[in-house]
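Engineer: Before I ask anything, let me first share the structure, which is written out below as structure tokens.
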Amino acid sequence: MVINELKQKIKDYAGGLAGIKSNLNNLTVEEPKNEKFGDLSTNAAMVLAPILNKNPFEIASKIEKELISGWDQIKDVNIVKPGFVNFNLKDGFIKENLKNIIEYKEKFGSNRSGEGVRVQLEYVSSNPTGNLHVGHGRWGALGDSLANIYAANGYEVFREYYVNDYGTQADKFSDCAKCIYLGHSGRITSYPENGYPEESVSLAVDRLISEHNGRFIVEKSGIKEVETGPFKKEIIRMMVSYICETLELMGVRYDRWFYESWLYENSNLEKLITDLKNKDMVYEKDGALWFKVSRYADDKDRVVIRKDGSPSYFASDILYLMDKIKRGYDKLVYVLGADHHGYVDRLKSIGKAMGLAEDRLEIIIGQMVKIVDRGKTLKMSRRKGKLYPLRDLIEEVGKDAVRYFFSMNSFDTPMDFDVSLAKQKSNQNPVYYVQYAHARIESILEKIKESGPGDIESGSCSLDKIDTSKIEFKSRSERQLAKIMILYPDIIYNSCRSNAPYLVTQYLYRLATGFHYFYNNFRVVNDDGDRAAVDEDRFVLILLVRQVLRNALKLLGVSAPQKM
RNA sequence: GCGCCAGUAGCUCAGCUGGAUAGAGCAACGGAUUUCUAAUCCGUGGGUCGGGGGUUCAAAUCCCUCCUGGCGUACCA
């Protein structure tokens, strides 16, 4: 990492001046907004000024003299107005860093900051009582990309989907499905009141019929009935398989599908209750058993066992979290929609009650997706349906556009998803812009292969045997392209630290811009003479760009096409 | 009512551990192609950073207050 390493050096130095106790968290090393200020810039002097009670300009020149001017990575330093220290990197340093792309290839950009840490991510976990809608796509994309990013930072990653197959909602779903299922076998019954939308229930029923036909029908004194227990289990399995397929269509996969009902096996609940009673964490009131969560973070206590003796969903929350802890993950990440933000305190309370260190539990609350179609907002409603199904979107827009689109914003931003716009396959969708850069490179390489000039050894477009230190930057834009590439590892590190896949997306756009500009202004293959001549410096450069594009696209689950 | 999130260009969004002229994309307008894919490139216009107050050498960024929108506030899951 270029920036993060320089930053550490500066921070160490600043720490020496200011004393270790000083807060230097807002010390930054970053690319200045305006590139005329140089490659990189630090505000160190201005951060130190109040601590040392000195003029920032004075400190800046001290930093320049004592620290930065001695670095062999730096070509020149200059100090500007309030006390910015701006500097340029040596070309040689950039070239040296380019070597890493060749050395690490598809691993370029990765780091080991998370080595030895087992992190579990749970995302989507939509109830298996209906199909996924467009909003769920955001959590799928976010969760999967985050998982990839954590892995690229050296973490050991586990991806999990929690299936709510236990409790009254699952029963209700099963009842709805039963009605439709019986209808297929000729017996008409009335559809449950306030049942789930028939279209989405039918998805599971159709699947069940095609797999098992009428296997769950039993005749009782001439009347067709359904074996409720096995039917429920199977119909939910069908819905889950549909959900799983939908997510796979957008490249979202899991290591484990965890069923809520598992939590109630082996009398786990009884053990939990005894345990909670022994620890004095519960009390009885109005015939129900309450958990004293209000003593931790939640605003009020929650029911664990209802007065009818059945466990509440909160009981599942506890059991599930305990199960995760028991499985030995060092860090638990929940990706939840804003409609679940009431969970945060509840989950944190459980964590605290279970003695889980606060930093081991990370809850990401993503803001909602507002679905807009031709200027009209489609109202989101969890129970009532009439939402835009995720599957339709993937089929209409394509996996790549869906993944890219959902990775463009910070999860903190409520998002408007214009379905009609997304359906248009036009340059309005920036994914094509980025993919086009890759396809253009492929196209150049194809041309080189075809013309088979003698000056590229073996003609194969491989990264091996390239010495980047011999590259010459013939223009500003070539150097700029190289500089963007060597900053990639910093992006991967930062995107992990702030759970922000969109930083990768923004980076990709920037790299693609750099390439497109380069492409429009310079040629890699010149065939105006008798035979094609390949510019080797540029040939190397585009090979490197291709590699970095691929690496970043892969993290987002977007393909890198050969042709477009 | 209380809680969480948000309000930045016509639209969709970055920037918000305070810093250098508030940035991108799309849309609008004007250019570039006998040359490796024009799904590209270059240029122009476009802003009371929701309103008001405060802290500071410096505020889109921090504090207070008000307005607007989304979500939540179950012995549903």
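Engineer: About the Cα centre of chain A, what is the dipole size in debye to 20, counting +1 per Lys and Arg Cβ and -1 per Asp and Glu Cβ, all else neutral?
Structural biologist: 880
Engineer: Provide the convex hull volume over Cα atoms per residue for chain A, in Å³.
Structural biologist: Hull volume over Cα atoms, normalised by residue count, gives 207 Å³.
Engineer: Right, here's the next one. Which of the GluC sites (Glu not before Pro) found in region A:76-121 are loop residues per DSSP with 12 or fewer other Cβ atoms within 10 Å of their Cβ?
Structural biologist: Those satisfying the criteria are A:Glu115.
Engineer: Using only the alpha carbon atoms of region A:214-373, find the Kirkwood hydrodynamic radius as the inverse mean reciprocal pair distance, in angstroms to one decimal.
Structural biologist: 18.6 Å is the Kirkwood radius here.
Engineer: Hey, if you put +1 on the Cβ of every Lys and Arg and -1 on every Asp and Glu Cβ in chain A, which of A:Asn551, A:Tyr343, A:Leu487 ends up farthest toward the positive end of that dipole?
Structural biologist: Going by the Cα projections, it comes out as A:Tyr343.
Engineer: Follow-up question, since we're still on this one. Pick out the long, greasy-scoring helices in chain A: whole DSSP H runs spanning 18 Å or more along their own axis by Cα, mean Kyte-Doolittle at least -1.0.
Structural biologist: Correct list, ordered by number: A:3-18, A:91-104, A:134-152, A:168-184, A:198-212, A:228-249, A:313-326, A:430-451, A:501-521, A:536-556.
Engineer: Using only Cα atoms, what Kirkwood radius does region A:203-287 have, in angstroms?
Structural biologist: In region A:203-287 this quantity evaluates to 16.7 Å.
Engineer: To make sure I understand, if each residue's beta carbon is the centre and we count other beta carbons within 10 Å, what order do A:Phe291, A:Phe108, A:Phe158 fall in, fewest to most?
Structural biologist: Ascending Cβ contact count within 10 Å gives the list A:Phe158, A:Phe108, A:Phe291.
Engineer: Tell me, what is the FRET efficiency for A:Asp418 and A:Asp467 to the nearest 0.05, using R0 = 60 angstrom and their Cβ-Cβ distance as r?
Structural biologist: 0.80
Engineer: In terms of modelled amide H atoms, which long-range or inter-chain residues lie less than 5 Å from the amide H of A:Asn111?
Structural biologist: Under 5 Å from the amide H of A:Asn111 lie the amide H atoms of A:Asn153, A:Gly154, each far enough along the sequence or on another chain.
Engineer: Quick check: residue separation of A:Arg306 and A:Glu265 times 0.36 nm, minus the Cα distance between them. What number comes out in nm? Please report the intermediate quantities before stating the final value.
Structural biologist: Values: separation 41, 0.36 × 41 = 14.76 nm, distance 1.88 nm.
Value of the extension gain: 12.9 nm.
Engineer: Using a Förster distance of 22 angstrom, determine the FRET efficiency expected from the C-beta separation of A:Met368 and A:Gln169, and round it to 0.05.
Structural biologist: Plugging the Cβ-Cβ distance into 1/(1 + (r/R0)^6) gives 0.60.
Engineer: With a cap of 12 neighbouring Cβ atoms within 10 Å, and only residues DSSP puts in a loop, list the GluC sites (Glu not before Pro) found in region A:117-194.
Structural biologist: A:Glu193
Engineer: Work out Dmax and Rg for region A:1-142 from the C-alpha atoms and quote the Rg first, both in angstrom.
Structural biologist: Final numbers for Rg and Dmax: 21.0, 66 Å.
Read-outs: derived from the displayed coordinates by stated rules, not from any lab. All values derive from a computational prediction rather than experimental measurement. Because the Cβ atoms are built from the backbone with ideal geometry, glycine has one as well, and the counts that use them run over all protein chains shown.
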